[in-house]
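Written out below as structure tokens is the structure these notes cover.
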Amino acid sequence: MSNQNTIPASVAMLRVLEAWGVKHVYGYPGGSFNSTMAALDAEKERLKYVQIRHEQVGAIAASADAKLTGKIAVTFGSAGPGATNLLTGLYDAREDHAPVLALIGQVPSTNMNYNYFQEFAENPMFEDVAVYNRLVMTPESLPYVVDKAIREAYKYSGVAVVVIPNDFGYVQIADEPYTSTSPSDMKKQPLPSTTDEEADHVLEMIKQAKRPVIHVGRGIGAGGEKLVELSKKLQIPIVTTGLAKGLVRDDYEGNLGFANRAAMKAAQEVFGVADLVIALGADFPFANLVYRTHPFKFVQVDIDRAQFGRHHYLDYGIWSDATDFVEKLLAHSEAVEPTPFFKAAVADNKNWREYLDKMTNRETDPLEFEPIYKEINRIAEPDAIFSIDVGDNIINSFRYLDITPKNKWTISSLFATMGYGLPGAIAGKLSYPDRQVFNISGDGAFSMVMQDLITEKKYQLPVINIITSNTTLNFIKSEQDDINMVQHSGIDIEDQDFAMIAKAMGIESVTVRKSSELAAAFDQALAVTKAGRPFLIDAKITAKRGLPVEELEMKIEDGKLTESISANYNANHTLPKADSVEEFFAAYNGKELKPLTHFFDEAGVEL
């Protein structure tokens with residue numbers, strides 16, 4: 001007779017998670033998940049269970065956790081509604097290529113196929129979102145299937161789903177090492193590199209171009225300084241995607257910032273006249289709006305060959321790591337003399353950055369959004385973590401928030417789900433307890449998940465929560481500004497006293513209504529969080545629209561550049577009328593802003 005030790009299958013499964021370095025899991029109990037809940041109690045000294053108040057929050061937190069750490073993150077939900085509530089966060093993980101494991105409760109195997117309470121065919125629900133999607137068939141296979149799921153999530157940078165009949169977790173199975181982890185799992189994956197021939201070919205294309213632009217994405221990784229060196233050497237301005245913020249220094253004069261909805265003026269204008277675009281590790285979901293404005297030669301550099309031609313037809317594609325490509329061009333190139341085009345781009349950028357600085361340093365009563373960022377930047381520690389919700393806060397954070405490679409920050413970039421800021425901040429503080437964490441959310445987004453403010457209180461997570469409250473879905477309002485609608489529709493939301501709601505949860509808070517009150521509020525937030533407690537600032541801002549530079553249109557005809565405003569701008573006639581670019585700038589406190597034509601003429605750019 002065997003004397004082999006046994007343990008519950010659910011405990012064996014959790015020990016697989018522990019072997020993979022998982023420190024905490026997010027979820028909410030349900031009857032179909034009780035065997036795992038019992039195991040979580042048994043393993044509580046080694047694995048922390050984080051009780052969130054809605055499964056969507058748990059799934060979003062897991063997605064943010066994986067994006068911040070690069071490691072597998074785990075969430076769970078019980079059968080039926082607990083499972084379906086996970087889908088929003090899991091789709092966020094899928095779209096942003098984050099390795100997430102979702103454990104799904106199922107009714108006991110003895111009740112399956114009897115139309116039992118909360119019994120559903122759950123695997124089909126997750127077929128689209130998951131790279132690995134399995135129903136556990138035996139108690140003995142439970143830890144093996146979970147181990148395999150983690151490997152698949154890492155391999156494909158996506159979501160793995162394991163559905164677990166509740167009774168299986170209680171069954172005693174052999175106490176064996178079920179995990180397949182090894183030191184080689186920590187090795188970096190080899191990346192493709194640029195050949196000499198490819199580097200020389202691109203350099204020849206640059207030489208033939210009059211107005212080359214580098215469009216860089218997060219694929220540049222730690223190579224931002226090398227890219228700055230290349231930009232200076234070859235006199236090529238840089239336009240970034242949103243996810244590349246912080247990877248290329250904001251204070252570099254040739255970094256023009258972002259194009260399209262979250263645009264910087266110089267980036268929008270200069271990209272609009274480019275005759276060569278080098279897309280460098282960039283997955284740009286708004287390409288159809290930006291890449292289709294005018295013809296240009298297109299070079300794409302990516303480690304994933306499946307991305308070639310996804311957003312624009314290729315003139316030349318290079319399967320390579322972005323930083324390796326930059327280093328090869330540096331090694332193969334000679335420095336060029338300063339060019340009028342680069343000078344004009346830099347001058348345009350300087351003009352725009354001075355405008356942003358002015359807007360940040362104004363006193364506003366009632367409160368406007370720009371001065372809030374002055375205070376965030378003032379108190380933020382060099383390695384602070386920012387969780388930013390979608391909507392206008394994305395635009396404003398891209399423009400006004402100081403982020404460097406020392407920081408970590410997270411957004412729902414491609415799925416763009418509202419209610420991301422709070423779960424992301426919870427994840428940030430749990431995975432990086434010694435770092436300062438900010439949640440920046442609008443009132444519409446925060447309202448979707450604000451019940452989980454109590455999660456910060458329960459686990460004493462000292463997060464600085466900043467709620468920009470303007471009683472409007474302002475991102476959507478701005479879209480409706482430019483649609484020929486009779487009036488705005490569905491964008492007004494009821495005001496709430498978020499500071500009072502926070503206090504009712506036992507969280508210290510303050511309401512701010514004018515810029516002169518900001519410094520004291522942020523000082524209080526700093527003091528409270530340094531003492532180990534969360535804090536909330538309810539910033540009652542106006543519903544004004546930030547300068548929509550995405551409405552600027554460039555046209556080169558007969559050797560002459562003209563700049564105009566999109567015919568769609570202010571289609572519903574609710575904004576101040578602007579018949580010229582100058583009037584358009586002035587309507588947004590930007591009388592000092594100059595059109596690109598001014599800088600082209602000043603630098604002597606020949607078209």
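The values are calculated or read from the model by the stated rules, or taken from the named source; none is laboratory data. These numbers were taken from a predicted model, which means no experiment stands behind them. Here Cβ is always computed from backbone atoms with ideal geometry, including for glycine, and neighbour counts include all displayed protein chains. Please note that ligands, DNA and RNA were not included when accessible areas were found on the heavy atoms of the full protein model with its side chains. Shrake-Rupley method; radii C 1.70, N 1.55, O 1.52, S 1.80 Å.
Somewhere in the stretch 462-474, is a residue of a type outside the set (A, V, I, L, M, F, W, C), over 21 Å from the mean Cα position of the chain (by Cα), over 14 Å from F498 (Cβ atoms) and assigned to a strand (DSSP E or B)? Yes, the stretch 462-474 contains at least one residue that is of a type outside the set (A, V, I, L, M, F, W, C), over 21 Å from the mean Cα position of the chain (by Cα), over 14 Å from F498 (Cβ atoms) and assigned to a strand (DSSP E or B).
Note on the stretch 54-101: residues that are open to solvent by 10 Å² or more (accessible area, probe 1.4 Å), of a type in the set (V, I, T) and either out of contact with any Ser or Thr (no Cβ under 7 Å at 6 or more places or on another chain) or part of a loop (DSSP other than H, G, I, E, B) (or both) total 2. For the stretch 522-547, residues that are crowded, with 16+ Cβ neighbours inside 10 Å and closer than 18 Å to A425 by Cβ total 12.
In the set (1) hydrophobic (A, V, I, L, M, F, W, C); (2) surrounded by 15 or more Cβ atoms within 10 Å (Cβ to Cβ); (3) assigned to a loop (DSSP other than H, G, I, E, B), the condition left unmet by V228 is number (3).
Condition check ((1) open to solvent by 30 Å² or more (accessible area, probe 1.4 Å); (2) within 26 Å of G223 (Cβ to Cβ); (3) under 13 Å from the mean Cα position of the chain (by Cα)) across all residues:
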{"position": "F398", "(1), (2), (3)": "no, yes, yes"}
{"position": "K408", "(1), (2), (3)": "yes, yes, yes"}
{"position": "F415", "(1), (2), (3)": "yes, no, yes"}
{"position": "I426", "(1), (2), (3)": "no, no, no"}
{"position": "Q436", "(1), (2), (3)": "no, no, no"}
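Selection of the stretch 33-53 for residues being open to solvent by 10 Å² or more (accessible area, probe 1.4 Å) and under 12 Å from G82 (Cα atoms) yields only R53. Listed by first and then second residue, the pairs with beta-carbon distance under 6 Å, at least 6 apart or on different chains, first residue in the stretch 269-280 and part of a strand (DSSP E or B), second among the polar types (S, T, N, Q), are A279/Q300.
Find the residue count for the stretch 562-604, including only residues that are touching a residue at least 24 places away in the same chain (Cβ under 8 Å) and either not charged (D, E, K, R) or not in a strand (DSSP E or B) (or both). First the steps, then the outcome.
Of the stretch 562-604, the ones touching a residue at least 24 places away in the same chain (Cβ under 8 Å) are 562-563, 566, 568-572, 574-575, 581, 584-585, 588-590, 592-597, 599-600, 602-604.
Add one more test, that the residue is either not charged (D, E, K, R) or not in a strand (DSSP E or B) (or both), and what stays is 562, 566, 568-572, 574-575, 581, 584-585, 588-590, 592-597, 599-600, 602-604.
Residues meeting the conditions: 26.
Among residues of the stretch 341-355 being under 13 Å from V213 (Cβ atoms) and small (G, A, S), the one that is surrounded by the most Cβ atoms within 10 Å (Cβ to Cβ) is A345. Residues that are modelled with pLDDT of 95 or more and under 30 Å from D304 (Cα atoms) within the stretch 156-179 comprise Y156, S157, G158, V159, A160, V161, V162, listed in sequence order.
Within the stretch 126-176, which strands (runs of 3 or more DSSP E) (wholly inside it) include 1 or more residues that are free of Cβ contacts under 8 Å to residues at least 40 places away in the same chain, open to solvent by 10 Å² or more (accessible area, probe 1.4 Å) and in contact with a strand residue (DSSP E or B) (Cβ under 7 Å, 6 or more places away or on another chain)? Reasoning before the result, please.
On the way: elements: 130-135, 159-165, 172-174.
Once the strands (runs of 3 or more DSSP E) in the stretch 126-176 are filtered for at least 1 residues that are free of Cβ contacts under 8 Å to residues at least 40 places away in the same chain, open to solvent by 10 Å² or more (accessible area, probe 1.4 Å) and in contact with a strand residue (DSSP E or B) (Cβ under 7 Å, 6 or more places away or on another chain), what remains is 130-135.
The listed residues are D383, D389, D443, and the only one of them that is surrounded by fewer than 23 Cβ atoms within 10 Å (Cβ to Cβ) and at pLDDT 95 or above turns out to be D383.
State all residues of the stretch 288-315 that are basic (K, R) and at pLDDT below 95; if no residue qualifies, say none.
Keep residues of the stretch 288-315 that are basic (K, R), which gives 292, 297, 305, 310.
Listed by number, the residues that qualify are R292, R305, R310.
Among the residues examined, F284 qualifies as within 18 Å of E550 (Cβ to Cβ), assigned by the TED database to the domain that holds K328 and aromatic (F, W, Y).
For the stretch 1-53, the set of residues classified as without any contact (Cβ under 8 Å) to a residue 60 or more places away in the chain and assigned to a helix (DSSP H, G or I) consists of V11, L14, E18, M37, L40, D41, A42, listed by residue number.
Given the options K560, K514, K555, name the one that is surrounded by fewer than 17 Cβ atoms within 10 Å (Cβ to Cβ), touching a Gly at 6+ places or on another chain (Cβ under 9 Å) and not polar (S, T, N, Q). Let's see the steps before the verdict.
Working: K560 fails: touching a Gly at 6+ places or on another chain (Cβ under 9 Å); K514 fails: touching a Gly at 6+ places or on another chain (Cβ under 9 Å).
Answer to the check: K555.
So, I173, is that one among the aliphatic types (A, V, I, L, M) and either over 19 Å from L330 (Cα atoms) or assigned by the TED database to the domain that holds A66 (or both) or not? The answer is yes for I173.
Go over the candidates I238, I278, I318 one by one and state the one that is modelled with pLDDT of 95 or more, surrounded by 22 or more Cβ atoms within 10 Å (Cβ to Cβ) and within 21 Å of the chain's Cα centre (by Cα).
After applying the criteria, what remains is I238.
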